Structure formats: structure tokens, C-alpha cells
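FYI, it's all coordinate maths here, none of it is from the lab. None of the values given here were measured: they were computed from a predicted structure. Glycine also receives a Cβ, built like all others from the backbone with ideal geometry; neighbour counts cover every protein chain displayed.
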């Protein structure tokens, strides 16, 4: 079984990054960082929140999201982005679609998570295979990036 990857694109909050790394450890995902997302070696707040998971999770730094996507595509990952977009499908609809896809796509997924203010970059959305979202039942349109990462990592875990 090969690991899935969560790519953090320009995440500002070191605490959110640490939280996501800790969740990635629990659910056996790797974490890739792009843009100005803080790396544990650069930001003690990431280490404080990840509680040692930064030592066990595969963390890779890319200068840009495009570099990460190019690398993932070369490694035959299915590339997803979480964003509220007119082309997005709900997570449950994606899971139904995913079960009917070719088996090589079922092996590895990379999920791009967004910046807390601006979302996933428009440029990035043009590079991904699918855009997915978590359906919300009431007033709010989205969750904190750390909470969303946990839901996606658990639901996409294979």
C-alpha cells in the first residue's frame, strides 16, 4: 500500500500545519508543503502542535504548488483540490466516482488544501484532476483547514 499525500498550499497558521501533520501521522499520510507554508524546522509552533509527529510523517518541501503537482503526476498520483467551486463534487459523490476508476488511481491520492483566506489558487485548480468539497448542512460554507484535512484524510484513506 502506498501513502497518500496532503499538500498544504500557502497555509499561514503554524498551528494548523502542526495539527495536520499530527493527523497525517494518525492516518498514515505524508505531508508536502508549498509556498510560504511553515516547515517544522523553521517554526517551533508547528513542532509544538504536531507533538513529535513531524519526526514520523514524511514531509517534503516544494518551492511552488506546480512543482509538487508535477512531481506527484510523475509518481502517478490522482490530484485533488478541496475548494468551493462550480466544478467541485461533494466528497461522497467523489468516493462513488473513485470506486469506479482505474485501480492505479485508487492507490495514491494527493489532496491540495488551501490558504485560509484566499482558498486554492486559481492556477492550481486548473492543474488538478478533481475538485472536491465537504457538504455543509447549515449556515457556514467551510470548516477550519485542520478539521477539513482530518475529514478528507479519513474519508480518502485506503
* Structure fact -> Per-residue Cβ contact counts at 10 Å, fewest first, order 136, 110, 153 as 136, 153, 110
* Asked: Hey, what number do you get for the chain at 222 nm if only DSSP H runs of n ≥ 4 count, each worth -39500 (n - 2.57), divided across all residues, to the nearest 500?
  -> -10500 deg cm²/dmol
* **Within a Gaussian network of the chain (alpha carbon springs, distance under 10 Å), most fluctuating of 86, 66, 76** => 86
* Asked: Relative contact order for the chain using alpha-carbon pairs under 8 Å, separation at least 6, rounded to a whole percent?
  -> 29 percent
* Where both residues lie in the range 4-155, what percent of DSSP beta bridges are antiparallel, nearest 5? -> 5 percent
* **Sites residue 137 and residue 95, calculated FRET efficiency, Cβ-Cβ separation with R0 22 Å, nearest 0.05** => 0.75
* To do: Average the reciprocal distances over every distinct pair of alpha-carbons in the chain, invert the result, and give the Kirkwood radius in Å.
  => 15.5 Å
* To do: For residue 122 and residue 51, compute 0.36 nm times the residue count separating them, minus their Cα-Cα distance, and round to one decimal in nm.
  => 22.2 nm
* Would you work out if the range 9-49 is rounded, prolate or oblate? Take a ≥ b ≥ c from the square roots of the eigenvalues of the alpha-carbon gyration tensor; rounded if a/c is under 1.5, else prolate when a/b is larger than b/c, oblate otherwise. => oblate
* **the chain: most fluctuating residue of 111, 27, 80 per GNM, C-alpha cutoff 10 Å** => 27
* Structure fact -> Length gained if residue 87 through residue 70 is fully extended, taking 0.36 nm per residue and subtracting the Cα-Cα distance, is 4.0 nm
* Mind pulling the angle between the C-alpha long axis of helix 65-74 and the longest principal axis of the chain? Nearest 10 degrees, somewhere in 0 to 90. => 60 degrees
* Structure fact -> Note: residue 151 to residue 36 extended length (0.36 nm per residue) minus current alpha-carbon separation gives 39.0 nm
* Once Rh for the range 31-95 is found with the Kirkwood sum over Cα pairs, what is the Stokes-Einstein diffusion coefficient at 10 °C and 1.306 mPa s, in µm²/s? -> 113 µm²/s
